[in-house]
Every structure is written in structure tokens, then in C-alpha cells.
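Below: the structure, in C-alpha cells.
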Amino acid sequence: AVAWTAAGHPLLRVIDLVPDDDGCPDGQRSWSAGRLLYSLEVPEEYWGFAEGDVAIDGSGSWLLSTSPDDKQLALWELPLPCGHQDLLSEPRTVKLGCSPDGPLAVDPDGDRAFVLCSKAATVVTVDGLSTDEPTVSRRVLSMRRPSDIVYEPVSDTIWVASPAGGKVKGFPAGGGSAVTY
């Protein structure tokens, strides 16, 4: 697991999670922080990324983070340096065209990320994370104040929730009509 923390300046913490031995079946077992593997200081020019959401792609190749102020997605190649280095390396960045103030969802099997820009009611899809020039596309949502996004790989659907409208909409990731619940 990874998390941003702030103690005067942002740090990226990488934590080893272990299941609690509480006698529950594996699928119902809770998880707790086992041990801190390492911390990396975030260079000042990248502090904006500590304000956004952070995730690891499904292949374990990339650490992704969003910066609301810079309107960008950062891609750090994994494995992250540790032991001999205390500073997070320079990321590749992708301009999103809107402020990513919502969660970030990542395709666990593929090479794409989905970023929610709730103020603009937009989902930004970034395809080709492992390429030198990822492709960015935007989908404007017909819902008020979307607040959460999840990617469901089996049906290749992006699910967006809006508590303001009491709705959940599903959008085929490759394009097509929305389904509302």
C-alpha cells in the first residue's frame, strides 16, 4: 500500500499490509499495517501531487498520482527506489485539461487510468501508461457533482457516483451509452 503523509513536507510512505489473524475466512479478513517498508521525500516541485489521489496500476509497474492545481497525472516507474535514496524520483507527467479533484481509478489488467474531475463533471481516460506519449480523452458527465469513480474490468465499465443527484452511472470504458441506477 502507498499513502501520502504530511509532516512539514509531503512524504510517500510504502507500507506492507498483512491480514489480521482474527479467525475469519480469507475473504472477510481485515487488514492492518504490518510495517513501514520505506518513506521517500517528495521534491518541492512535485508537492502538488501529494494533494491528489494516489494508486498503483494492476501490473505493479507504475505509481500514479494527480495534482489538482497543476491539472496533471504523474507516473512514477516502479519499483520505487529505497534504501540508498531518500528522495522520490522525477515522474513523467500527463496534462489532463481539468483539475483532478476526485478519485483515481486504474485498470488492473491494462494500461489505463481514469481520473474524476468533479467540478467540471468530467472523466479523463489516460490510455497507454507505459508508452512515451499516453493518449488523453475526456467524457463530460450528465450528472451533478460526481464524487466517486471505480473501474470494473470484467464489463470494462467506469462507474461514477453522485450523492447530489442520488445516482450511479456506468459508462463503457471504450465509449457508448451510459446506464443509470
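The values are calculated or read from the model by the stated rules, or taken from the named source; none is laboratory data. Remember, predicted model here, so these are calculated numbers, not experimental data. Neighbour counts are summed over all protein chains in view; Cβ atoms, including those assigned to glycine, are modelled from backbone coordinates with ideal geometry. We work out accessible area using only protein heavy atoms, side chains counted, and drop any ligands, DNA or RNA first. Shrake-Rupley method; radii C 1.70, N 1.55, O 1.52, S 1.80 Å.
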Item to complete: Would you please name the residue that is farthest from the chain's Cα centre (by Cα), looking only at residues in region 142-155 that are crowded, with 19+ Cβ neighbours inside 10 Å and closer than 15 Å to C98 by Cβ?
Response: P146
Worksheet item: Does any residue in region 5-19 that is assigned to a strand (DSSP E or B) come within less than 7 Å, Cβ to Cβ, of a residue that is at pLDDT 70 or above and open to solvent by 60 Å² or more (accessible area, probe 1.4 Å) six or more places away or on a different chain, and which pairs are these?
Response: T5/R13; P10/W47; L11/E41
Worksheet item: Does any residue in region 150-161 that is among the polar types (S, T, N, Q) come within less than 7 Å, Cβ to Cβ, of a residue that is open to solvent by less than 30 Å² (accessible area, probe 1.4 Å) six or more places away or on a different chain, and which pairs are these?
Response: T157/G170; T157/F171; T157/A173
Worksheet item: For region 113-141, how many residues meet the condition of being buried (at least 21 other Cβ atoms within 10 Å of the Cβ), modelled with pLDDT under 90 and of a type outside the set (A, V, I, L, M, F, W, C)?
Response: 1
Worksheet, complete the sentence: Picked from region 33-47 (must be among the aliphatic types (A, V, I, L, M) and surrounded by 15 or more Cβ atoms within 10 Å (Cβ to Cβ)), the residue modelled with the highest pLDDT is V42
Worksheet, complete the sentence: Considering residues that are assigned to a strand (DSSP E or B) and at pLDDT 85 or above, the number found within region 48-62 is 2
